1. Let me spell it out: the conditions are (1) among the acidic types (D, E); (2) assigned to a helix (DSSP H, G or I); (3) modelled with pLDDT under 90, and E56 meets all of them except one. Which number is the exception?
2. Could you list all residues from region 10-35 that are at pLDDT 85 or above and basic (K, R)?
3. Can you tell me which residue in region 26-44 is surrounded by the most Cβ atoms within 10 Å (Cβ to Cβ), limited to those that are farther than 17 Å from G54 by Cβ and not small (G, A, S)?
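The values are calculated or read from the model by the stated rules, or taken from the named source; none is laboratory data. Everything quoted here is computed from the prediction, not taken from an experiment. Cβ: placed from backbone, ideal geometry, glycine included. Neighbour counts: every protein chain shown.
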Amino acid sequence: MTTAYLDSSTISRDRAPAKAPAKPAVSAALRAILARKDDRLLRDVGLTREDILGPEETYRAEQRRMRDTWNL
């Protein structure tokens, strides 16, 4: 068995940790449209929920929706 050796003198300490990308702000009016169960208004303007929320938040919203269905 070998043990890896890490020489800490080669690690840069002046670099700040990476930050997560900022989430785009969704206006109150757009949130009201997203709160509706149908997407007809979004389709009328050529958008989808994923276009507005992004793929990660769309996935989380779908998971919450499925979980709420089972919590009846």
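1. (3)
2. Correct list: R31 only.
3. L41
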